[in-house]
1. For segment 6-26, indicate whether the set of residues that are farther than 28 Å from Pro341 by Cβ, buried (at least 17 other Cβ atoms within 10 Å of the Cβ) and touching a helix residue (DSSP H, G or I) at 6+ places or on another chain (Cβ under 6 Å) is non-empty.
2. Of the residues that make up segment 289-303, is at least one hydrophobic (A, V, I, L, M, F, W, C), at pLDDT 95 or above, under 30 Å from Ile49 (Cα atoms) and open to solvent by 20 Å² or more (accessible area, probe 1.4 Å)?
3. Can you tell me which residues in segment 135-153 are within 11 Å of the ligand (Cβ to nearest atom) and not aromatic (Phe, Trp, Tyr)?
4. Restricting segment 178-211 to residues that are open to solvent by less than 40 Å² (accessible area, probe 1.4 Å) and farther than 19 Å from Thr77 by Cα, which is nearest to the ligand (Cβ to nearest atom)?
5. Could you say whether any residue in segment 18-25 is β-branched (Val, Ile, Thr), touching a Leu at 6+ places or on another chain (Cβ under 7 Å) and touching a residue at least 24 places away in the same chain (Cβ under 8 Å)?
6. How many of the residues making up segment 86-126 are within 16 Å of the ligand (Cβ to nearest atom) and in contact (Cβ under 8 Å) with a residue 40 or more places away in the chain?
7. Hey, could you check segment 32-55 for residues that are open to solvent by 70 Å² or more (accessible area, probe 1.4 Å) and free of Cβ contacts under 8 Å to residues at least 40 places away in the same chain and say which is farthest from the chain's Cα centre (by Cα)?
8. Quick one: Ile83 ticks every box in (1) under 18 Å from the mean Cα position of the chain (by Cα); (2) part of a loop (DSSP other than H, G, I, E, B); (3) touching a residue at least 60 places away in the same chain (Cβ under 8 Å) bar one, so which box is it?
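The values are calculated or read from the model by the stated rules, or taken from the named source; none is laboratory data. A quick note: this is a predicted structure, and the numbers were derived from the prediction, not measured. Note that each Cβ is placed from the backbone with ideal geometry, even for glycine, and that neighbours are counted across all protein chains shown. Only protein heavy atoms, including side chains, enter the accessible area calculation; ligands, DNA and RNA are left aside. Shrake-Rupley method; radii C 1.70, N 1.55, O 1.52, S 1.80 Å.
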Amino acid sequence: MTRVYNFSAGPAVLPVPVLEQAAAEMLDYQGTGMSVMEMSHRSKTFQNIIDTAEADLRDLMGIPENYKVLFVQGGATTQFAAIPMNLMKNGVADYIVSGSWSKKAFKEAKMYGTANCLASSEDETFSYVPDVDAIKVSEDADYLYICQNETIYGTVYHKLPETGDVPLVADVSSCFLSEPIDVSKYGVIYGGVQKNVGPAGLAIVIAREDLIREDVLEYTPTLLRWKTMADAGSMYNTPACYTIYICGLVFKWLKEQGGLEGIGKRNREKAALLYDFLDQSKLFSGTARKEDRSIMNVPFVTGDADLDAKFIAEAAEHNIANIKGHRSVGGMRASIYNAMPREGVEALVAFMEQFEKENA
Ligand SMILES: *Cc1c(COP(=O)(O)O)cnc(C)c1O
C-alpha cells in the first residue's frame, strides 16, 4: 500500500490515525456489533457520538455559550441560500466578493432580496482581498458576508472588516480549524467539512442565538431553517451520521496536536516552506498577493501552460497527487490542510527544485 501526498482542495487528505481508527471500528463500533453507518441516529450510541463531537468542537474553537452548533446537509452551497433566507429581515445584505465562492454566494443572495457588492477583487482575477478598512456596511444591512479563505485563488482575510452591530457572516470552508479564531467577532461562521475537517456530506453552522430566528423568509424550507435544526439538535431528519462520526475523530486528533494553537503553528511552518521556495524561484511564482496569502491553498504557475502540464504529470511519479489548479484558473495548486504532513510539503518543494533545475 502506498499513501500519496494528496494536495487535493477537497475532498481532501485526512489524518492517518483517524482513518486507522475508523477502519478498526468498522465492523464493531465499541461493542455494538455494527458500524456507525449502520446504527440508528436515535440510538444512545449515536447521540453520544454527536454530543461528543459538538463538545470537542466547542472546546477547540472556544465557541461561546450563546452560539449554537448545527450539523447540516447540502454542503456549503446550500447555505448560500439558507443565509439570506434566515437572516434577511430587512431584505438587504452586503457582500464582499473576493473569489468564486463569495461570488456564487452573492449571486444566490440576489434571488432572495437586495444584495450589495461592497467591494470586489475580480478586476485582478481575485488575486487579492479587497481593503477591509474601506468597507462601510449599509445602514439597513442584515449582515455582511465574506468568504474568509478563497480556496481557488489562495487568499485569506488576515484582518476582518469592522461591521459594528451588523453581523459578520463568514464561509470558512477551506480554513476551518486551521488556526485559532475569535468566534465572538462573527454572527455566523459556517463551512463544508470536506476541505479541512472530514468527509463530504456535512456543513457545520455556528450561529449566534439571536440570529436563529422564527421570522425567516416565509418560504424557507423547513430543513433550511436554522431554528428547525437548533431545536432538533441537528436531528430533525437523519443527519450525515458517518461523516459526523469521522469529524468527531478529527476533533480528537486536533486536540492531540495541541488544539488550534498547535495545528496553526504547524500550518504556518508548512506554508512558509512552500512560499519561501516560491519567492526565490526563477521558474515558479505564486499567484496571490503576498499580504493576502492563504496558509491552506497555495496556487502557483510557471507562466507556461505546457510546462505546467509537464510538472503535474511528473509530480504524479513522485507521489504528489492532485496538484493541478482549479479548472477555472489552470496552473497548480497545493492545498496543504491540517492533515498534510510536513514531509508532504518538503517532498513537493524538493520536486519543484529538481524540476526547476531540469527545465531552466
Ligand atoms: C468547496 C467550497 C464551497 C462549496 O462547498 P460544497 O460543500 O461543495 O457546497 C464553498 N465555499 C468554499 C470556500 C469552498 O472551498
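1. Initial filter on segment 6-26 (farther than 28 Å from Pro341 by Cβ): none.
Checked against the condition, which is being farther than 28 Å from Pro341 by Cβ, buried (at least 17 other Cβ atoms within 10 Å of the Cβ) and touching a helix residue (DSSP H, G or I) at 6+ places or on another chain (Cβ under 6 Å), segment 6-26 yields no hits at all.
2. Taking segment 289-303 and keeping what is hydrophobic (A, V, I, L, M, F, W, C), we get 295-296, 298, 300-301.
Then keep just the ones that are at pLDDT 95 or above; that gives 295-296, 298, 300-301.
Next cut, under 30 Å from Ile49 (Cα atoms) only: 296.
If we keep only those that are open to solvent by 20 Å² or more (accessible area, probe 1.4 Å) too, we end up with none.
Checked segment 289-303: no residue is hydrophobic (A, V, I, L, M, F, W, C), at pLDDT 95 or above, under 30 Å from Ile49 (Cα atoms) and open to solvent by 20 Å² or more (accessible area, probe 1.4 Å).
3. So in segment 135-153, the residues within 11 Å of the ligand (Cβ to nearest atom) come out as 146-153.
Passing the criteria: Ile146, Cys147, Gln148, Asn149, Glu150, Thr151, Ile152.
4. The residue in question is Ser178.
5. Keep residues of segment 18-25 that are β-branched (Val, Ile, Thr), which gives 18.
Okay, now just the ones that are also touching a Leu at 6+ places or on another chain (Cβ under 7 Å), so 18.
Imposing the further condition that a residue be touching a residue at least 24 places away in the same chain (Cβ under 8 Å) reduces the set to 18.
Yes: one or more hits.
6. Qualifying residue count, segment 86-126: 8.
7. The initial filter retains those residues of segment 32-55 that are open to solvent by 70 Å² or more (accessible area, probe 1.4 Å), namely 37-38, 42, 44, 47-48, 51.
Filter once more, so that each one left must be free of Cβ contacts under 8 Å to residues at least 40 places away in the same chain: 38, 44, 47-48, 51.
Details: Glu38: 28, Lys44: 30, Gln47: 25, Asn48: 25, Asp51: 22 Å.
Per the criteria, the residue is Lys44.
8. Just one mismatch for Ile83, condition (2).
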